[in-house]
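Below is one structure; the comments refer to it alone.
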Amino acid sequence: MANTYKWTINALDAKISHDSKDNVINKIHWGYSAVDDEDATKTAYSIGTHSVTYDADNFTEYDSITEADVIAWLEDGLDVDSMKASLDSQIELLKTPVDTTFHSPFVVLPEVAPEDVVEE
């Protein structure tokens, strides 16, 4: 099974001012997805937040932060291998389900008399 993984940065929370710095990022709202390389209709998602610790010695101004920087922070702070394994499992369940859901199993639909049927 081969899957393609992708980060999405949904939002960045920041302190407007901290330690004489402006817009200090302190939380990343992220999404991580996997798409089955053989069947693109099989996709799994994970979402979450990740806190970022202020580091005066390695501070990057907000205007200079790139998406690659933020992804690097995520990959340094999260267990990406575990996340990939979880997404892989979700996709495998989409390909070979082991459960089902019976929606509204006890709803009784009203009977329609033949004379009430309108044909066009």
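Every number here is computed from the coordinates shown, using simple stated rules; none is lab data. Quantities reported herein were computed from a predicted structural model and do not represent experimental measurements. Note: ideal-geometry Cβ built from the backbone for every residue, glycine included; neighbour counts use all protein chains shown.
At R0 = 35 Å, how high is the FRET efficiency between ASN58 and VAL98 if r is their beta carbon distance? Nearest 0.05 is fine.
0.15
Evaluated at q = 0.15 Å⁻¹, the base-10 log of the normalised Debye intensity for the range 3-95, with identical point scatterers placed on the Cα atoms, takes the values -0.63. By the count of other C-beta atoms within 10 Å, a proxy for reagent exposure, ASP36, ASP76 are ordered fewest to most as ASP76, ASP36.
Estimate the FRET efficiency between ASP81 and SER20 by the formula 1/(1 + (r/R0)^6), using the beta-carbon distance for r and 35 Å for R0, to the nearest 0.05. Spell out each step's value before the answer.
Working: r = 38 Å, r/R0 = 1.09.
E(calc), rounded to 0.05, equals 0.35.
Over all distinct Cα-Cα pairs of the range 22-68, the Kirkwood formula returns a hydrodynamic radius of 13.3 Å.
With springs only between Cα atoms under 10 Å apart, run a GNM on the chain and tell me which of LEU93, LEU109, LEU78 wobbles the most. Comparing LEU93, LEU109, LEU78 in the GNM, the peak value goes to LEU109. 3J(HN,Hα) along the range 94-107: 5, 6, 9, x, 10, 9, 9, 10, 9, 7, 6, x, 10, 6 Hz, from the Karplus curve 6.51 cos²θ - 1.76 cosθ + 1.60 with θ = phi - 60°, whole Hz, x for Gly and Pro. Measuring against 27 Å, Cα to Cα, the residue pairs LYS27/LYS95; LYS6/LYS27; LYS15/LYS42 contain LYS27/LYS95; LYS15/LYS42 as the ones spanning a longer distance. For a quick check, take a GNM of the chain with Cα springs below 10 Å and name the residue from ALA44, ALA85, ALA56 with the largest mean-square fluctuation. The residue that fluctuates most here is ALA56.
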